[in-house]
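Heads up: the structure comes next, in structure tokens.
The values are calculated or read from the model by the stated rules, or taken from the named source; none is laboratory data. Remember, it's a predicted structure, so these values are computed and weren't measured experimentally. Quick reminder, even Gly has a Cβ in these numbers, built from the backbone with ideal geometry, and neighbours come from all protein chains shown. Accessible surface is based on the protein model in full, side chains and every heavy atom, while ligands, DNA and RNA are left aside. Shrake-Rupley method; radii C 1.70, N 1.55, O 1.52, S 1.80 Å.
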Amino acid sequence: MSQANSSVTVEQAAQMRGFLEDVEGLARSVSDGVWPRLGQIEGTDATGTVYFSVDDDGAFASVYLDPHWWTALGVSGLPGALLGAQRIARDKLTAARLIFRRVIGPPRRRGPADLGEPGFELMHGLSASRDIGELLGRWHALTAESYQRMYEFDRRQADGSPLRVQGPEELVTFTLDGQVITGVEVDGWRLNAGSTDRLTADIRAALHHNTGGQHG
């Protein structure tokens, strides 16, 4: 692992730790037994140039591309970065749901937030350690199975086969399985270092229109 990648991993671990601590505090402030709303949950790719957000139901909320994505990723690296940022955002949402279950209890109404079997989150326990290695190990243990559960839930909500969607400029083609992006294809011939705003707008248009998102 390069020093740069190691630094990114440490930063991502610190961000996850801070997020979990904030969610734990929010959960403990609840007195009526109703799960609080988180708004938008953001994930970033390994380079920190792609930001992807989902809402409390796991639906697409927003995306932002730093202008440096062209240098950091290029066209070939963009699909993996979008999928990676989505994974982090959904991992955070899954972890938040598990914390709410543990601290507050099951949601009052069965819906997208009610994903695991009772006691599922207790099988994984959130590590109190400050050791980066242990933290990352627990993080991956926590998210691996729960992310798969979330993916399977969204797939069951879909009406059948995966859906391919595009924005008005057709710069990017997404394959969607429920609310989850499973594939990304980029029209690299029409993109350059100055295409960031056009590309971001096309991504947002495609995902908002086809997933029912109402965010910015």
Report summary line: A careful count of residues in segment 167-190 that are in a loop (DSSP other than H, G, I, E, B) and in contact with a Leu (Cβ under 6 Å, 6 or more places away or on another chain) gives 2
Requested in this report: Would you please list the contacts, defined by Cβ atoms under 8 Å and residues six or more apart or on different chains, that run from a residue in segment 16-27 that is under 11 Å from residue 92 (Cα atoms) to a residue that is open to solvent by 40 Å² or more (accessible area, probe 1.4 Å)?
Outcome: 20/126; 23/38
Query raised in the report: For residue 184, which of the numbered conditions (1) modelled with pLDDT of 95 or more; (2) touching an Asp or Glu at 6+ places or on another chain (Cβ under 9 Å) fails to hold?
Result: (2)
Query raised in the report: Restricting attention to segment 57-71, and to residues there that are at pLDDT 95 or above and small (Gly, Ala, Ser), which single residue is nearest to residue 202 (Cα to Cα)?
Result: 62
